[in-house]
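First comes the structure, then the notes that go with it.
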Amino acid sequence: MTPAAAIDRARALLVAEGFSEIGRGTRGESFYFGLLGAEGQLRVANHARTPKQRSKHPEVVASLVVTGPLSEVALRERLSATLRDFRMRQGAGHQ
């Protein structure tokens, strides 16, 4: 699927996991999700964040970046890794 279709699919899968879309980037290329009871945000976008963006927005604790075509299987694998990263950072924040 195209990057745009993969991002749309990832958004739907996150909602199915219980996440809520809580914001969008100004150009509509980044989508931010929160999970009730969890700290931080998960980001889905077609580009990586710059170091300046990372330092200004530490609330984003995990990102799924889609820059090229992906199969459904590849998207689900990458999303699973992003969700693991998000959950691991939840544990790190409570130590």
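The values are calculated or read from the model by the stated rules, or taken from the named source; none is laboratory data. Since the model is a prediction, treat every value here as computed from it, not as a measurement. Cβ atoms come from the backbone with ideal geometry, glycine included; neighbour counts cover every protein chain shown.
The table below lists the values:
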{"item": "Selection count, the range 15-29, where residues are outside any loop (DSSP other than H, G, I, E, B) and small (Gly, Ala, Ser)", "result": "3"}
{"item": "Some residue of the range 48-59 being at pLDDT below 95, among the hydroxyl-bearing types (Ser, Thr, Tyr) and over 12 Å from the mean Cα position of the chain (by Cα)", "result": "yes"}
{"item": "Test: residue in the range 70-77 that is of a type in the set (A, V, I, L, M, F, W, C), buried (at least 19 other Cβ atoms within 10 Å of the Cβ) and more than 14 Å from the chain's Cα centre (by Cα)", "result": "yes"}
{"item": "Whichever residue in the range 1-30 is within 12 Å of the chain's Cα centre (by Cα) and among the polar types (S, T, N, Q) and, among such residues, is modelled with the lowest pLDDT", "result": "SER30"}
{"item": "Subset of the range 1-56 that is over 22 Å from SER71 (Cα atoms), of a type in the set (Ser, Thr, Tyr) and without any contact (Cβ under 8 Å) to a residue 24 or more places away in the chain - its residue that is surrounded by the most Cβ atoms within 10 Å (Cβ to Cβ)", "result": "SER20"}
